[in-house]
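Okay, so here's the structure we're looking at.
The values are calculated or read from the model by the stated rules, or taken from the named source; none is laboratory data. As the structure is a computational prediction, the values presented were derived from the model and not from experiment. Positions of Cβ are backbone-derived with ideal geometry, glycine not excepted, and every protein chain shown enters the neighbour counts. Just so you know, the surface numbers come from the protein's heavy atoms only, side chains and all, with ligands and any DNA or RNA stripped out. Shrake-Rupley method; radii C 1.70, N 1.55, O 1.52, S 1.80 Å.
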Amino acid sequence: MEFQRHRGFSITIKLTTWLLLIATVSITPSHAVPRRGPYDEKPRYGNPITEIKYASPSCRAHVSSLTEFGGVGDGTTLNTDAFRSAVEHLSQYSSTGGGMLYVPAGKWLTGPFNLTSCFTLFLDKDATILATQDVNQWPLIDPLPSYGRGRDKPGGRYSSLIGGANLTDVVITGDNGTIDGQGASWWQKFHKNQLKYTRGYLIELLYSDQILISNLTLVNSPAWNIHPVYSSNIVVSSITILAPVHSPNTDGINPDSCSQVRIEDCYVVSGDDCVAIKSGWDQYGISYGMPSQHIVIRRLTCISPTSAVIALGSEMSGGIQDVRAEDITAINSESGVRIKTAPGRGAYVKDVYVRGMNLNTMKWAFWMTGNYKSHPDDKYDPNAMPEVTSISYSNVVATQVTTAARLEGIPNDAFTGICISNVTVGMAKSKKYAWTCTDVEGVSSDVSPQPCEPLQGKHEGSCPFPTESLPIDTVEFQQCSYTLP
């Protein structure tokens, strides 16, 4: 099964306001339809007859509600068994039209659960999935092979709230329903060094293909929000992510050793990077050798006072290549685009193209770091030098900026092929040196204030940006509907 590319069955998903993403999903009165399966005989949705409409690679032939499996949406009853039973029941239909689990209005407390193939998880507009704060309910799992350990701590890590591995055709969507990680207790334990293992994420899918995550609000994740890893053909669209701006490591969307990724029309307020592209950590990532590549980011709005709007790395030891970002808005954020790496990382960050950024109240418009000192252990090779080359920025307007750029390559391993064009940076205060540059090489044109000397090589016209589309850009979805009693 493949993502549909037939325009007759497409649905367009877009922002209709600046600060609120309006879902392309609607629930309207209609008539009941026949249902099949032992759990479908006595439906208990708790709603009048409604019609669900949503986008999907393929429409599902079998639909169940969480209440059919004993789910209770009172905010206090633990529904882990209900979610797991529902997914197990619907998994039998993976080869006969697929299944959809409908989460009705209510507050559904749960521990972690995994999804299945040819499956849609759909949240009602008044539904909230609440992550339990009981650490004992979060199973421990192995570290990722490209990391060699947990990101917070050596050893294993806690499972993510919604997970899955080796899946095909998975949709997590809704009528702008909410997934609440209730992360405050995790953040407190993290700050007090009271956790033995790495915190879980809200959504993590491994070794999977054809993933759509859309039309949801994610709040207060214990750590990263959306983490596809070792996966391909991924669309993240019309997602709102909210976390306190000083919450630890609450990254928004982190594709990790993934290819063919499309991130669009998302609004992120985060305590860390709004989008961070990764591919493994030092010798473990080098050994695993799976890059992140062919990634499109467009129409992203970000607020992150302590981190980047878009980060590449620092875990980039499998390589990062062909990243295209455009129509990016940032407010009160630390940096627009940040490349993070260090000796020991190896691999490369190359062919990065950014155009059309509007940055407001920033510490740095551009930031490259070659001395990021975080390592998984002391067994990394300090001579494994990363290659950073072919980095293009164009059509950028920034206001209230402290320093235009901080570009720090690695001695004897300069960052090369940097191109900056048609950029205006409005400084919050006049500075003698608006740019700080070491161990970098590149060209520029129409840049104000004047860039540092290593970037004053002349360049005619705009910096390069690919004209051909990626395959993930051609992916469109069927408009599906189901009527639920």
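Closer than 24 Å to Val235 by Cα and touching a His at 6+ places or on another chain (Cβ under 6 Å): does that describe Tyr93? Here the answer is yes, as Tyr93 does meet what is asked.
If we keep just the residues of region 242-268 that are aliphatic (A, V, I, L, M) and surrounded by fewer than 24 Cβ atoms within 10 Å (Cβ to Cβ), which is nearest to the chain's Cα centre (by Cα)? So, considering only residues that are aliphatic (A, V, I, L, M) and surrounded by fewer than 24 Cβ atoms within 10 Å (Cβ to Cβ), the one nearest to the chain's Cα centre (by Cα) is Leu242. Evaluated against (1) open to solvent by 10 Å² or more (accessible area, probe 1.4 Å); (2) out of contact with any strand residue (DSSP E or B) (no Cβ under 6 Å at 6 or more places or on another chain); (3) on the phi < 0 side of the Ramachandran plot, Pro222 falls short on exactly one condition, (1).
How about region 394-485: which strands (runs of 3 or more DSSP E) wholly inside it have at least 3 residues that are surrounded by 19 or more Cβ atoms within 10 Å (Cβ to Cβ)? Working first, answer last.
On the way: elements: 415-427, 435-438, 440-448, 478-484.
The strands (runs of 3 or more DSSP E) meeting that bar are 415-427, 440-448, 478-484.
For region 57-83, the tally of residues that are in contact with a Ser or Thr (Cβ under 7 Å, 6 or more places away or on another chain) and either on the phi > 0 side of the Ramachandran plot or surrounded by fewer than 24 Cβ atoms within 10 Å (Cβ to Cβ) (or both) stands at 5. Scanning region 271-296 for residues that are part of a loop (DSSP other than H, G, I, E, B) and either at pLDDT below 95 or more than 23 Å from Arg355 (Cβ to Cβ) (or both) gives Gly271, Asp272, Ser279, Gly280, Trp281, Gly289, Met290. Cβ separations smaller than 8 Å between residues 6+ apart or across chains give the following pairs from region 297-308 residues that are in a strand (DSSP E or B) to residues that are at pLDDT below 95: Arg299/Lys14; Arg299/Leu15; Thr301/Trp18; Thr301/Leu19. Can you tell me which residues in region 237-262 are farther than 18 Å from Trp187 by Cβ and in contact with a Gly (Cβ under 9 Å, 6 or more places away or on another chain)? Once the filter is applied, which keeps residues that are farther than 18 Å from Trp187 by Cβ and in contact with a Gly (Cβ under 9 Å, 6 or more places away or on another chain), region 237-262 yields Ile239, Asp256, Ser257.
Candidates Tyr197, Tyr201: the one that is in contact (Cβ under 8 Å) with a residue 12 or more places away in the chain and closer than 16 Å to Gly111 by Cα is Tyr201. Pairing each residue of region 432-455 that is more than 14 Å from Phe366 (Cα to Cα) with any residue that is at pLDDT below 95 and of a type in the set (Gly, Ala, Ser), provided the two are 6+ apart or on different chains, yields C-beta distances under 6 Å for Val443/Gly457.
Out of all the residues in region 96-107, is one or more in contact (Cβ under 8 Å) with a residue 40 or more places away in the chain and charged (D, E, K, R)?
In the first step, residues of region 96-107 are kept if they are in contact (Cβ under 8 Å) with a residue 40 or more places away in the chain; the result is 98, 100, 102-106.
Then drop every residue that is not charged (D, E, K, R), which leaves none.
Scanning region 96-107 turns up no residue that is in contact (Cβ under 8 Å) with a residue 40 or more places away in the chain and charged (D, E, K, R).
For region 337-358, the criterion of being touching a helix residue (DSSP H, G or I) at 6+ places or on another chain (Cβ under 9 Å), farther than 30 Å from Asp381 by Cβ and either open to solvent by 20 Å² or more (accessible area, probe 1.4 Å) or in a strand (DSSP E or B) (or both) is met by no residue.
Among the residues of region 182-203, what is the count of those that are open to solvent by 20 Å² or more (accessible area, probe 1.4 Å) and in a loop (DSSP other than H, G, I, E, B)? Walk me through how you get there before you give the answer.
Of region 182-203, the ones open to solvent by 20 Å² or more (accessible area, probe 1.4 Å) are 182, 184-185, 187-194, 196-197.
From what's left, in a loop (DSSP other than H, G, I, E, B): 182, 192-194, 196-197.
Count: 6.
Which count do you get for residues in region 414-431 that are among the charged types (D, E, K, R) and touching a residue at least 60 places away in the same chain (Cβ under 8 Å)? Outline the logic, then answer.
Start the filter on region 414-431 by keeping residues that are among the charged types (D, E, K, R), which leaves 429, 431.
Among the residues that remain, those that are also touching a residue at least 60 places away in the same chain (Cβ under 8 Å) are: none.
Total satisfying the criteria: 0.
Before we move on, is Asn422 polar (S, T, N, Q) and over 24 Å from Ala347 (Cα atoms)? Yes; evaluated as a whole, the condition is true for this residue.
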